[in-house]
Structure formats: structure tokens, C-alpha cells
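Comments concern the structure below.
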Amino acid sequence: MNTKTLPVVGTIIGAALIYSLSANKVFEIPGPARIPLSVKVLYMVFVAVLVPCYLRIYGPTNFLYFCDLALLMGLVAVWTESSSWASMPTVGILLPQTFWCVDLFGESLGFRMTGMTAYMFESRSPLFLRILSLFHVWLPYFLLWTVSRLGYDRRAFLAWTVLSSALVIVCYL
């Protein structure tokens, strides 16, 4: 992807997110803070460590991967306590990240399934970076927990489909 497509990416992502937040929320659980402050701060610190590391090693386009986008959307979800922001990445990554976990487990036992997690066992990648990448293991379950606390927004599947389709198209321009 070249730098000319980055504004397009921003516009598409913005439009998808505005759509997801524009209508009435469905199944949102009312009440006081539903995500503990300690969870918000820990999540924010993790993202604050991961983002500069990933930017330096992988570059900004790495954040167009669904899992990395889901991590950032999760940060917005826990601070705004928005069911829309929590539901979209949950429906988008739950199955693929579960498959990532199965592949990682297989790789750790010496069975190559897809090879998508082989980088986790390569010594040329810094250990700290590989440890940060373990967010793929806990993120889908954290997002499920977040949705259980905030409620599920029925528009999430459509909004994620629009967002992810736009990202795939833009990434191949």
C-alpha cells in the first residue's frame, strides 16, 4: 500500500465507525462504569507499549491487520464503554484468532498447520516482540468479556463486514 491510499483508508474506517455509532444501541447494559478502571489502565499501558514497538519494527500498515485493528478498537471500547466498539472487533476476530491459537499450540508441539504462527518461534525476531504478539491469544476472550459487560450491538456484524471489506480492498490497491 502506498502513502496515497492512507487518506482513503482513514475515510473508509471513519465512515464505518460513524455508521456503527450513529443509530440507537441495541442490548446495551445500562448503569455505572461496567469496565473496572484497573482493566482500562492495564489495557491502555499494554497498547502504549505495543504500538511504538510495532510501528518501529513493522511500520504503520501493520495496523491494518484485523487483529491489530481489533486491539485498537478494544481500547476505544473499554474507555468509552461502547457496545458498538466492543462488538465489532469481537465478531471480526473471534474465529480467526481462535484458529491462530490452535496454530500456535500446534507449532509449539512441532506440528506445522498453516505456518502463520511460525514467527513466534523464530529467534531472529526479538523475544520482547514475540511476547507482545501473544495478545492474539487473550484478545478474543477479553473482547468477549467486554461484550458480556457492555452488551452486544446487533449492527456489529454488518459494520465489521463493511470495515473489513474496505480494508481488504484498500490493502490491495
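The values are calculated or read from the model by the stated rules, or taken from the named source; none is laboratory data. These numbers were taken from a predicted model, which means no experiment stands behind them. Please note: Cβ atoms are built from the backbone with ideal geometry, for glycine as well, and neighbour counts cover all protein chains shown. Ligands, DNA and RNA are excluded from the accessible area calculation, which covers all protein heavy atoms including side chains. Shrake-Rupley method; radii C 1.70, N 1.55, O 1.52, S 1.80 Å.
Among the candidates ARG34, ARG112, the residue that is in a loop (DSSP other than H, G, I, E, B) and in contact with a Leu (Cβ under 7 Å, 6 or more places away or on another chain) is uniquely ARG34. Scanning segment 134-159 for residues that are of a type in the set (S, T, N, Q) and surrounded by 19 or more Cβ atoms within 10 Å (Cβ to Cβ) yields a total of 1. Beta carbons closer than 9 Å, at least 6 apart along the sequence or on distinct chains, pair a first residue in segment 32-48 that is under 15 Å from MET73 (Cα atoms) and at pLDDT 95 or above with a second that is of a type in the set (Gly, Ala, Ser) and part of a loop (DSSP other than H, G, I, E, B) for LYS40/ALA33. For beta carbons closer than 8 Å, sequence separation of 6+ or different chains, a first residue in segment 105-127 that is open to solvent by less than 90 Å² (accessible area, probe 1.4 Å) and a second that is among the basic types (Lys, Arg) and at pLDDT 90 or above, the qualifying pairs are TYR119/ARG130; MET120/ARG130.
Got at least one residue in segment 65-74 being open to solvent by less than 70 Å² (accessible area, probe 1.4 Å), under 16 Å from LEU144 (Cα atoms) and of a type in the set (Gly, Ala, Ser)? Looking for residues that are open to solvent by less than 70 Å² (accessible area, probe 1.4 Å), under 16 Å from LEU144 (Cα atoms) and of a type in the set (Gly, Ala, Ser), one finds at least one in segment 65-74, hence yes.
Residues checked against (1) at negative phi; (2) of a type outside the set (Val, Ile, Thr):
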| position | (1), (2) |
| --- | --- |
| SER87 | yes, yes |
| THR90 | yes, no |
| PHE105 | yes, yes |
| GLY110 | no, yes |
| TYR119 | yes, yes |
| PHE128 | yes, yes |
| PHE135 | yes, yes |
| SER148 | yes, yes |
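The residues listed here are PRO126, PRO89, PRO60; of these, the one that is more than 29 Å from ARG155 (Cα to Cα) and not hydroxyl-bearing (Ser, Thr, Tyr) is PRO126. Pairs are defined by a Cβ separation below 9 Å, a sequence spacing of at least 6 or placement on different chains, a first member in segment 140-158 that is farther than 11 Å from VAL91 by Cα, and a second member that is open to solvent by 80 Å² or more (accessible area, probe 1.4 Å) and part of a loop (DSSP other than H, G, I, E, B); the pairs so defined are GLY151/LYS25; GLY151/PHE27; GLY151/PRO30. Quick check: is even one residue across segment 59-71 of a type in the set (Asp, Glu), within 24 Å of SER164 (Cβ to Cβ) and part of a helix (DSSP H, G or I)? So far as segment 59-71 goes, yes, one or more of its residues are of a type in the set (Asp, Glu), within 24 Å of SER164 (Cβ to Cβ) and part of a helix (DSSP H, G or I).
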